[in-house]
Structures are given as structure tokens and as C-alpha cells.
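Working notes for the structure below.
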Amino acid sequence: MTIVQVEPTREQTAVRLLLILDRLGDSCGADDGAPPTAVRVIRAQRKLAKLDFLVRNPDYLADHIITACEEGRLAKERLLDAQAVLEEREPELHTYRMLRNRHGAYEPMNNALSVLRHPGLIRVVRAGKSTDTQVRRRDYYLLAAGETFAERLRAEVPVLAWYDQQVLYVRMVTEGMSAEQLKALQYEHAEYAGTPVGQMIAGISERVRVRLTAALEREGLA
């Protein structure tokens with residue numbers, strides 16, 4: 001897979017994050033201190049970044065689907081989803097690599113989040129302080145207006161179907177995982193773990209393609 005690295009626009013990133021919050025956020029309970037009208041939440045920027053990494057890196061997502069099939073967490077037929085992610089959905093047009101910082105994949109999100117925050121689609125809440133100047137965690141709430149807007153985008157902008165399906169694949173392999181579990185999963189890749197801080201995390205397309213071919217043949221799905 002030949003990757004032409006093109007930076008997404010602020011608006012593209014905002015829409016992707018909106019779909020991630022809508023599809024991958026946890027439901028808000030009545031007594032969990034959520035803001036009024038909040039419907040879902042992703043707790044901690046670290047988790048949001050790890051989920052975003054999988055949406056924008058189809059090769060890593062396909063590899064996680066293969067692993068889940070081999071470990072019995074997904075049915076073997078889900079290997080065909082890995083094939084679709086890696087081969088059939090023009091991944092080279094939708095791959096946006098991310099930088100690595102000391103906590104793993106990372107990219108500043110404030111500008112994109114502001115596109116969602118100002119019209120009242122989401123709300124970002126500080127969840128604690130480690131010092132007077134440092135915030136321990138930020139939680140990202142999807143508000144009811146954001147949920148309605150995401151539904152409207154799906155209905156009116158067909159080109160976004162790629163991202164929406166990609167987010168559903170991510171949910172299939174990560175549902176119930178914490179930020180730390182997602183981090184550990186991604187650090188299993190030598191290419192990811194070995195990327196120096198401040199450098200772009202390398203792709204794994206060729207290695208995943210070989211692994212997928214072997215898995216499909218082994219399961220009689222080739």
C-alpha cells in the first residue's frame with residue numbers, strides 16, 4: 001500500500017472525532033456528573049487519541065482484527081472484514097499517520113475540537129488536577145445536539161460512510177477496552193514501539209498483508 005501523506009484539514013479531523021465520540025463513546029449515566037444533555041463520553045485524551053489512531057491507520061486496524069480472530073474473540077469470518085479494511089476500501093486515501101510522543105500516538109486536537117465545541121456539539125471537561133497548573137485528565141462528552149448532527153451527516157454526506165464504517169470496525173475490536181489496554185495493544189507492534197518520540201509512527205501494511213493471506217488460507221476463506 002503506497003501512502004501519500006496528506007494532512008487532514010481541521011474540519012475533516014473534527015468530523016472524524018465527532019463520529020468516534022458518537023460510535024465509540026460510553027453511555028452517560030444519570031449520576032455520573034455528566035453535563036446536561038450529554039449522551040456519551042470518552043474519558044481521557046489518551047483514549048481518544050488511541051481510538052483515532054486505529055481509525056486513521058487501516059493497516060494497524062486490520063492487524064488487530066486478525067489477532068482477535070486468532071484469539072477467538074471474533075469469529076473467523078471477521079477476517080473478511082480485515083481484508084476489506086486492508087484491501088477493498090482504498091485505505092491509501094484515508095491513512096493519516098500520527099506522531100509518537102512519550103505516551104504513544106498523539107496529535108494536538110484542540111483546533112478540531114473547537115469546531116465541535118463552539119456550536120455546542122460536544123463539551124470538554126477537566127476531570128482533576130495533578131498540580132495547580134496541570135490537568136490530570138480531560139473527558140470528552142458528546143451532547144444531544146452532536147448526536148443529532150452526526151445522524152444528519154450520515155444521511156446527507158454519503159462520502160462519510162467510509163469513516164463511519166471504519167469506526168464500527170474499531171468498535172468491533174476495542175469495545176470495553178481502557179486507554180491503558182489500547183496503549184498496550186498498540187505497543188505490541190515493534191514499528192510503533194520503536195518509533196522515536198517526535199517521529200511519525202511507521203506503517204505495517206506489508207507485514208499485515210502477508211499475515212492476512214496466511215490466515216485466510218488457514219481458515220478456508222481465501
Exactly one of Arg56, Arg97, Arg40 is open to solvent by 20 Å² or more (accessible area, probe 1.4 Å) and at pLDDT below 95, and that one is Arg97
Note on region 182-207: residues in contact with a strand residue (DSSP E or B) (Cβ under 7 Å, 6 or more places away or on another chain) and either under 16 Å from Tyr96 (Cα atoms) or open to solvent by less than 30 Å² (accessible area, probe 1.4 Å) (or both) are Gln186, Thr195, Gly198, Gln199, Met200, Ile201
Checked pairs for region 169-195, first without any contact (Cβ under 8 Å) to a residue 40 or more places away in the chain, second in a helix (DSSP H, G or I) and open to solvent by 50 Å² or more (accessible area, probe 1.4 Å), C-beta under 7 Å and 6 or more apart or across chains, list as Ala193/Tyr187
Flagged in region 146-190 as within 18 Å of the chain's Cα centre (by Cα) and among the acidic types (Asp, Glu), in numbering order, are Glu147, Asp164, Glu175, Glu180, Glu188
Checked region 1-37 for anything among the acidic types (Asp, Glu), at pLDDT 90 or above and open to solvent by 50 Å² or more (accessible area, probe 1.4 Å); matches are Glu11, Asp26
Picked from region 137-180 (must be in a helix (DSSP H, G or I) and closer than 16 Å to Asp63 by Cβ), the residue most open to solvent (accessible area, probe 1.4 Å) is Met172
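The values are calculated or read from the model by the stated rules, or taken from the named source; none is laboratory data. Quick caveat, the model's predicted, so the values are computed rather than measured. Note that each Cβ is placed from the backbone with ideal geometry, even for glycine, and that neighbours are counted across all protein chains shown. To get the accessible areas, we keep the full protein, side chains included, count just its heavy atoms, and leave off ligands, DNA and RNA. Shrake-Rupley method; radii C 1.70, N 1.55, O 1.52, S 1.80 Å.
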